[in-house]
2 protein chains.
Amino acid sequence: MEKQEIFAKGQALPKDWFSGEAFLNLLIARDENNDFTIGSVSFEAKARTNWHTHPKGQILLVIEGNGYYQEKGKAAQPIKKGDVITIPENIKHWHGASAKNKMVHLAVTNYKDEIQVTWLEPVTDEDYQVVTQNEL
Amino acid sequence: MEKQEIFAKGQALPKDWFSGEAFLNLLIARDENNDFTIGSVSFEAKARTNWHTHPKGQILLVIEGNGYYQEKGKAAQPIKKGDVITIPENIKHWHGASAKNKMVHLAVTNYKDEIQVTWLEPVTDEDYQVVTQNEL
């Protein structure tokens, strides 16, 4: 029996910005009190974001599975259920699932004026394989 | 075997503001990008906040168990794992566990200037019993 997810998986995310099967359940929209969105983002094994930046940063709260967070020019950091990642503003990075397991994180994404994210190029299969080649 | 919590339980919350056994793990502190805190708050069965208000609102994301959210003058609303509650600014309310089960929620609490919360009187045992008397 598959474990029940905390939040419903939501809608498929666009292939222009994500590789593989990724889903978004938008839990909180921007309003007069909350100058951010909160979404539950589910990555099936091997799924990941494109490289991207946030003009006012983002917080990831990993609630299931395991995966990776990598800033450009640094080693990829394994992340797992219970981890909290604070992504600074204007840092090129990606996040996603491990090669063998899914990963679900909540994402709290601040606005700077009307912008939350600037999407860049995909994480290539070659670069992803370098990161995941030593997975058990 | 007790189920593994997603986030560590953290530190006991003060009896001045909480009834029963409640705990806070502060996951995200305020910084230059994030004008809020995020905490994982664990309520053992029967534990609850005092009545209180937030000057710029709060978001609750229930990640385990079940409990209640009540605004003053309204019926208490049962809440459970997977529920999302948007608390408006300056609304007197409380939240906490059910009488028989624990409840864990993430709390995203905005700042208005330097203030996040104004604490008021406890939810009395009598009022809590009225809310929970029909629990199965």
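If each residue's Cβ is checked for other Cβ atoms within 10 Å, how do A:Trp51, B:Trp119 rank with the fewest at the top?
Fewest-to-most Cβ neighbours within 10 Å comes out as B:Trp119, A:Trp51.
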* **Whichever aspartates and glutamates have a C-alpha closer than 12 Å to that of A:Lys81, once near sequence neighbours (fewer than 8 apart) are set aside** => A:Glu64, B:Glu5
* Asked: Between the range B:51-114 and the range A:12-82, how many Å separate their Cα centres?
  -> 25 Å
* Asked: Between copies, how far does the label point of A:Lys112 sit from its twins, in nm, shortest first, when each point is 7 Å from Cα along Cα→Cβ?
  -> 2.8
* Per-residue mean of other chain beta-carbon atoms within 10 angstrom of the beta-carbon, peptide B:63-71? -> 1
* Structure fact -> In deg cm²/dmol, rounded to the nearest 500, the helical mean residue ellipticity at 222 nm of the protein assembly as shown, built from -39500 (n - 2.57) for every DSSP H run of length 4 or more, is -1500 deg cm²/dmol
* **Label distances, nm, B:Pro78 versus same residue in remaining copies, Cβ-directed 7 Å point** => 4.1
* Can you pick out the pairs among A:Lys56/B:Lys112; B:Lys74/B:Lys112; B:Lys56/B:Lys100 whose Cα atoms lie more than 22 Å from each other? -> B:Lys74/B:Lys112; B:Lys56/B:Lys100
* So for A:Ile59, A:Ile28, fewest C-beta neighbours within 10 Å to most, what's the order? -> A:Ile28, A:Ile59
* In the range A:14-88, the GluC sites (Glu not before Pro) that fall in loop regions by DSSP, at most 10 other Cβ within 10 Å -> A:Glu32
* Asked: How high is the relative contact order of chain B, in percent, counting Cα pairs under 8 Å that sit 6 or more residues apart?
  -> 28 percent
* Asked: Residue by residue through the range B:15-27, which ³J(HN,Hα) values in whole Hz follow from phi under the Karplus form 6.51 cos²θ - 1.76 cosθ + 1.60 (θ = phi - 60°), with glycine and proline marked x?
  -> 5, 5, 10, 10, 9, x, 9, 10, 9, 10, 10, 6, 8
* Structure fact -> Neighbour-count ranking for B:Thr49, B:Thr37 (other C-beta within 10 angstrom, fewest to most) reads B:Thr37, B:Thr49
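Readers should treat all values here as calculations from the given coordinates under stated rules, not as data from a laboratory. Computed from a predicted model, the values in this text were never measured in an experiment. Note that each Cβ is placed from the backbone with ideal geometry, even for glycine, and that neighbours are counted across all protein chains shown.
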